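Right, one structure below, let's go through it.
The values are calculated or read from the model by the stated rules, or taken from the named source; none is laboratory data. In this text the structure is predicted, and so the values were computed from the model without any measurement. Note: ideal-geometry Cβ built from the backbone for every residue, glycine included; neighbour counts use all protein chains shown. Only protein heavy atoms, including side chains, enter the accessible area calculation; ligands, DNA and RNA are left aside. Shrake-Rupley method; radii C 1.70, N 1.55, O 1.52, S 1.80 Å.
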Amino acid sequence: MKMSSRGNSKSKPKHVRAEVMFAAILAVALLSFLLSINIVSSTDKDKPLTMNGSLKNSLNLVHAEKINRIVLERKEKPRYFTVFSTSCSPQQNWQSLLFFYVAYKVKQPGNITRIVSGCNPNEADALRKIHREKISTLSDRFHLHVTPDWGFRDQKKYWNKPHGLLHWMKNELRPPNNVDEYDDDIIIILDPDMLLLKPITNDFGDFHKDDFWIGGKRIEKVRHSTPFAQHYGFGNAWLTSLKGNLSYVVGKNSPALKVTLTEASNYYPAGPPYLATGKDMFALAESWVKFLPRVHELYPQFMAEMHAYCIAAAHLEMPHQLAKGFMVSSVTGANKEKSFMFLDDVTREKACNAKVSPNKLPFVLHYCQRYAIGRWFFSKYKLHENIFDCEAELLREPPTNVVAMYDWYIFPNGIEKNDYSSRGNRKYLIQNGWMMCTIIFAVNEAATQMKRKHCDFQANYNKTFHFHEESAFQAMLQNFTRPF
């Protein structure tokens, strides 16, 4: 009887079987390694990492889902969400275009969203079109969020900020249901009239010295229960302006009632930039919106909106790490000495186009004031609203040595003026010149890039617009001496 081929074959020795098994294990390990170094690709560090298409097709769904989870676990944390609140006004449209362009240029990480309130349907549609055609083309991380029109006008127009923030969070991030997704991310609130001078994140380990922090630097990173913000000059007025009626706003058992006047000055007079974790910012937004009406009832001023934020932070027991130099704004305002220290070694000849090391720069330039040297001038309120239109003229740019040419200024109204000729005023001259030049150059650069991308060959690139009457401006160009 013939034996079957199966019975006729000799069994392999144990050591051979072990070698085969070892080789198989080694091959699997090698394959896993090769996959681990080539399974993902990304052209933008802020976009979710995705698998290469060819590899994805070769893997079963279960394996693919497992790989995706591993990639998400490796994804850099925290993520950043920068937001700024605006109305539908043409003025804030050009400010928003400028904001997005500068954020693109400095490579601000994460998603950036304009939260716009107060639009009628036609205005909202027009803004969506502008955003789609001019902003989304810069980056798919740039977004527009349109809120309902709550009817906040005049002195209450700033109420749109907390209401818009809360509406955006509830509709885009959807807390508290998505706590695992967004709780540890960082929310950054800026104003539309702010220029980012460099990226702002949650890590301030290299940010200047301890004397740039109110009460000294306690921690270096934004974390739960300790938001960061710029220190504003109203001190403990958020508390004292209520004249002993804080309990009417927050209730009889609120922790805010235990805050001392010293603590009120050191940890709570906060303003943009605000930075907090997603978990904390949602809690702040809810209390901010809740407390604002009664704060305004007791203190019917436009600052009620900022005071309500401070009260919300105190109520939630979130003392802020406040910085004196996150931003620069007024050359005569609070914290000006610390804020402008980066210009201490800059001469008048180089002030307009000063080359400053990034680690010395503040994060934000807040152009909410008027800035002038001679009759060179900038004010956001005086700039024509169509500056980014194809046919609009650009701003006339001052010479780079303008601060050395003039030691005085006159505003376009012809009434407000200042003499900076005394030695003690030279630093204000340099600060004014740097602020004015930086804003003018930024507006022109952004408008030029927008025109090159979206206008035809007939676009207007002439740098001819200035804010003064032509005869007075030309007289200044011919005669540098102070006319008063």
First compute the accessible area of the range 75-185 with a 1.4 Å probe, then give the percent of it belonging to carbon and sulfur atoms.
-> 47 percent
Under the rule rounded for a/c under 1.5, else prolate if a/b exceeds b/c, else oblate, using alpha carbon gyration tensor axes a ≥ b ≥ c, the range 354-484 is classed as oblate
Towards the positive end of the charge dipole of the range 401-448, with charges on Cβ (+1 Lys, Arg; -1 Asp, Glu), say which of P412, C437, N401 has the farthest Cα.
-> N401
So what's the gap between the Cα centers of the range 345-423 and the range 141-182, to the nearest angstrom?
-> 34 Å
If you put +1 on each Lys and Arg Cβ and -1 on each Asp and Glu Cβ, how big is the dipole of the range 75-124 around its Cα centre, in Debye rounded to 20?
-> 340 debye
Cα centroid of the range 220-269 to Cα centroid of the range 433-484, whole Å = 43 Å
In the range 342-469, carbon and sulfur make up what percent of the accessible area (probe 1.4 Å)?
-> 44 percent
Which pairs, out of K170/K355; K338/K453; K279/K324, put more than 31 Å between their alpha-carbon atoms?
-> K170/K355; K338/K453
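Using a 1.4 Å probe, what is the accessible area per residue for the range 204-268, in Å²?
On the way: 3350 Å² over 65 residues.
With all protein chains present, the range 204-268 gives 52 Å² per residue.
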Over 29 Å (Cα to Cα) - which of K221/K451; K161/K380; K134/K290; K243/K382 fall in this group | K221/K451; K134/K290; K243/K382
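Determine the sum of side-chain charges near F411: Lys and Arg each +1, Asp and Glu each -1, restricted to other residues whose C-beta is under 15 angstrom from that of F411. Write out the running numbers ahead of the final one.
Details: positive: R370, R375, K380, K382, K417, R482; negative: E416, D419, E469.
So the environment of F411 carries a net charge of +3.
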